[in-house]
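Peer 1: My structure is below; once you've seen it, I'll send some questions.
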Amino acid sequence: MTFEGFETLAIHAGQEADAETGAVVVPIYQTSTYRQDGVGGLRGGYEYSRSANPTRTALEECVAALESGARGLAFASGMAAEDTLLRTIAKPGDHVIIPGDAYGGTYRLFSRVLERWGVSWDAVGLSDPAAVRAAVRPETVAIWVETPTNPLLNIADIAALADVAHDAGALLIVDNTFASPYLQQPITLGADVVVHSTTKYLGGHSDVVGGALVAADPELAERLAFHQNAMGAVAGPFDAWLTLRGVKTLAVRMDRHCANAERVVEELTRHPEVAQVYYPGLPDHPGYKVAVEQMRAFGGMVSFRVRGGEERALRVCDRARVFTLGESLGGVESLIEHPARMTHASAAGSPLEVPNDLIRLSVGIESADDLVADLLQALGD
Ligand SMILES: *Cc1c(COP(=O)(O)O)cnc(C)c1O
């Protein structure tokens, strides 16, 4: 039987009941090697767990289905996925365009690691496709997109940037961590590769670090799989299992993340101590129209600036109780953080520097009333 609804795929793609025992949940195949039926007689193609492991295969097939790609690959972290992808598609002399407000770890991978290996890059504001087109060079092999971005939630037009990339003979790569495949499917909009930190919404419970790649083209997927095995930064079986368990509830979690974020945004926009709210679902957000076209809803991430400068922002972070002060995002529990001193501290003085009166929220799936009450008390005197 074939099925294609997102929620059904999340629960069933790659996850047939176990042939031998009928176990409904894919087991944790905590094994490094596999008994062969005579030399080279592999069962299901498994020989060594760096090359392939059945629990990881289940996650890889599921994520590929959710992103409408040819094949998925699971890694030990989002950064491991990014590194494997970039060393597969770029060589010394090549050039990549990255977002002007790229995820800090991505920026660091380009500026501190890949640059030493001869891969050059330019950081460009991606909300302007004409500026991106102007930055393309003959050596450009990829345009790296994030949308929404971290922490200012800027929006890039994936379909427009796919045209820019393809006109230049380059790949369009989308880091879809913030939206998740439930809200946005870049491959259906023309992207060639999707990147995830599965640590965030896909895992969804703040209990596992992982990454994934999904490629649209089977030939590119084959090259990525070769590099995944050759470089070896794979997801372990237990991590793959935890992530798969999280993915099953992605749709219902995202619905609640979005609904709660909208409630929080509503309260913040009319609060006298809040100077500005960043959320792509606000009609005056510059990316609103594009977001409406390419996203199902606007996500669980909200940033805002407070009146009273950095001191006030730090006080709000300290006083929050239901919102836990911490880095990361995308888990069931709400988190609050001060990007200038925490996630973006290393960006001071770089193009990624953020205002020091900015607060970022990862709105969780607790009761909306408790979340709103917590923010109101934290913002009070
Ligand atoms: C967290 C994150 C990453 C890196 O993933 P890790 O799992 O922490 O290695 C990459 N991109 C975005 C947008 C992220 O939020």
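Peer 1: In square nanometres, what is the average projected area of the Cα convex hull of the range 264-381?
Peer 2: If I average the Cα hull's projected area over directions, I get 7.5 nm².
Peer 1: Separation of the range 281-326 and the range 107-160 by C-alpha centroid, Å?
Peer 2: Cα centroid of the range 281-326 versus Cα centroid of the range 107-160: 23 Å apart.
Peer 1: Can you work out ³J(HN,Hα) from phi for every residue in the range 249-260, in order, using Karplus 6.51 cos²θ - 1.76 cosθ + 1.60 and θ = phi - 60°, giving whole Hz and x for Gly and Pro?
Peer 2: 9, 3, 4, 5, 5, 4, 4, 6, 4, 5, 4, 5
Peer 1: May I pose another question? Specify the angular offset, from 0 to 90 degrees and rounded to the nearest 10, of the alpha carbon long axis of helix 54-66 from the longest principal axis of the alpha carbons in the chain.
Peer 2: 60
Peer 1: Hey, another quick one. How big is the dipole moment of the chain about its Cα centre under a simple scheme where the beta carbon of each Lys and Arg is +1, that of each Asp and Glu is -1, and everything else is neutral? Debye, nearest 20, please.
Peer 2: Result for the chain is approximately 560 debye, rounded to the nearest 20.
Peer 1: May I ask for the distance between the Cα centers of the range 183-216 and the range 28-103, given as a whole number of Å?
Peer 2: With the range 183-216 and the range 28-103 each reduced to a Cα centre, they are spaced 13 Å.
Peer 1: Right, another one. Using 20 Å as the cut-off for backbone N distance, which residues of the range 256-292 belong to the label zone defined by a point 7 Å from the Cα of D369 along Cα→Cβ?
Peer 2: 256-268
Peer 1: If I fit a long axis through the Cα atoms of helix 158-167 and take the longest principal axis of the Cα atoms of the chain, what angle between them do I get, 0 to 90°, rounded to 10?
Peer 2: Taking Cα atoms only, the helix is inclined about 60 degrees.
Peer 1: Evaluate the distance, in nm, between pseudo-label points positioned 7 Å from the Cα of R341 and of H166 along their respective Cα→Cβ axes.
Peer 2: It works out to 4.7 nm between the two label points.
Peer 1: Still on this structure: When every alpha-carbon pair in the chain is counted, what percent end up more than 37 Å apart?
Peer 2: When every Cα pair of the chain is considered, 21 percent fall beyond 37 Å.
Peer 1: If I stretch the segment between E310 and E20 completely, what's the gain in nm (0.36 nm per residue apart, minus their alpha carbon distance), one decimal?
Peer 2: Result for the pair: 98.4 nm of gain on full extension.
Peer 1: If I take every Cα pair under 8 Å that is 6 or more residues apart in the range 105-170, average their sequence separation and divide by the length, what percent do I get for the relative contact order?
Peer 2: 28
Peer 1: Can you tell me, using C-alpha contacts under 8 Å and at least 6 residues apart, the relative contact order of the range 6-247 as a whole percent?
Peer 2: It rounds to 25 percent for the range 6-247.
Peer 1: For the range 251-379, what does the relative contact order come out to in percent, with C-alpha contacts under 8 Å and a separation of six or more?
Peer 2: 28
Peer 1: Suppose every Lys and Arg Cβ carries +1 and every Asp and Glu Cβ carries -1, with no other charges. What dipole size does the range 251-379 come out with about its Cα centre, to the nearest 20 debye?
Peer 2: Magnitude of the dipole: close to 120 debye.
Peer 1: For the chain, what does the helix formula give at 222 nm: sum of -39500 (n - 2.57) over DSSP H segments with n ≥ 4, over the residue count, nearest 500 deg cm²/dmol?
Peer 2: The helix contribution divided over the chain gives -10500 deg cm²/dmol.
Peer 1: Right, here's the next one. What order, most packed first, do the peptides 275-286, 224-235, 33-44 have when packing is the mean number of other Cβ atoms within 10 Å of each residue?
Peer 2: For the peptides 275-286, 224-235, 33-44, the packing ranking is 224-235, 275-286, 33-44.
Peer 1: While we're here: With a 10 Å Cβ neighbour count serving as the proxy for reagent exposure, in which order, fewest first, do Y201, Y288, Y182, Y107 appear?
Peer 2: Going from sparsest to densest Cβ surroundings: Y288, Y107, Y182, Y201.
Peer 1: For A135 paired with T324, estimate the spin-label separation in nm (one decimal), with each label point 7 Å from Cα along the Cα-to-Cβ line.
Peer 2: 3.5
Each reported figure results from applying straightforward, stated rules to the coordinates on display, with no laboratory input. What you are looking at is a predicted structure, and each value in this text was computed from that prediction instead of being measured. We place every Cβ from the backbone using ideal geometry, glycine too, and count neighbours over all the protein chains shown.
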